[in-house]
Amino acid sequence: AVEEMEPLQKLHSLMETKGFQTQMEGMALLLDLCQSSPQLIATNILSCCSFSSQIFDYFVLRIADSHKKVKQKALDVLAEIIGALEDALNPVIIPLVEGITTNLNSKDPRVHAT
C-alpha cells in the first residue's frame, strides 16, 4: 500500500544522505518504525528491491561510520531494534555482525562499550 511505502521512502532518503545530522534523524526514524511497525520493516527486509533492504545496507555503513556520534547512534539503535525485529534480521545479520566487529577495536570507549 502507498501509505506503507511513505515512511520507508522517507527513511531511505534520510539514511542515504551524507550529512551526519540527517543520518542521525534516519536512525531515529528507523528505531521508531521498528518499535511502532516492526512488521512493516520485517516484511520488507526480504524483498531484494525494497527500500528496507537498501536501508539496512546504509545502516551497516552507519555502524562503521567515521563520525563517532553516527557510529554510537547506530550501535544504540541496533541494540534496540534487535528485540523488535528478532528473526526478521536473519537476512541482514552477516553484514550487521561485520559492521559491529569493526568497532571492537575502537579507541572511543563509548563505541567500544556499545
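Total residues in region 1-27 satisfying the condition of being under 15 Å from Val60 (Cα atoms) and in a helix (DSSP H, G or I): the figure is 10. Kindly check whether there is at least one residue in region 90-99 that is touching a Ser or Thr at 6+ places or on another chain (Cβ under 9 Å) and part of a helix (DSSP H, G or I). Among the residues of region 90-99, at least one is touching a Ser or Thr at 6+ places or on another chain (Cβ under 9 Å) and part of a helix (DSSP H, G or I), which makes the answer yes.
Quick one: in region 28-46, of everything that is of a type outside the set (A, V, I, L, M, F, W, C) and assigned to a helix (DSSP H, G or I), which residue is nearest to the chain's Cα centre (by Cα)? If we take residues in region 28-46 being of a type outside the set (A, V, I, L, M, F, W, C) and assigned to a helix (DSSP H, G or I), then Asp32 is nearest to the chain's Cα centre (by Cα).
When region 66-114 is filtered for residues that are open to solvent by 60 Å² or more (accessible area, probe 1.4 Å), within 14 Å of Gln35 (Cβ to Cβ) and in contact with a Leu (Cβ under 6 Å, 6 or more places away or on another chain), only Glu80 remains. Taking each residue of region 78-105 that is under 15 Å from Thr43 (Cα atoms) and at pLDDT 85 or above and looking for partners that are surrounded by fewer than 17 Cβ atoms within 10 Å (Cβ to Cβ) and of a type in the set (Val, Ile, Thr) with beta-carbon atoms closer than 7 Å, six or more apart or interchain, yields Leu89/Ile82. Against the numbered list (1) open to solvent by 80 Å² or more (accessible area, probe 1.4 Å); (2) farther than 16 Å from Leu8 by Cβ, Asp57 comes up short only at (2).
The values are calculated or read from the model by the stated rules, or taken from the named source; none is laboratory data. These numbers were taken from a predicted model, which means no experiment stands behind them. All Cβ positions, even for glycine, are placed from backbone atoms using ideal geometry, and neighbour counts span all protein chains on display. All accessible areas refer to the heavy atoms of the entire protein, side chains included, with ligands and DNA or RNA removed. Shrake-Rupley method; radii C 1.70, N 1.55, O 1.52, S 1.80 Å.
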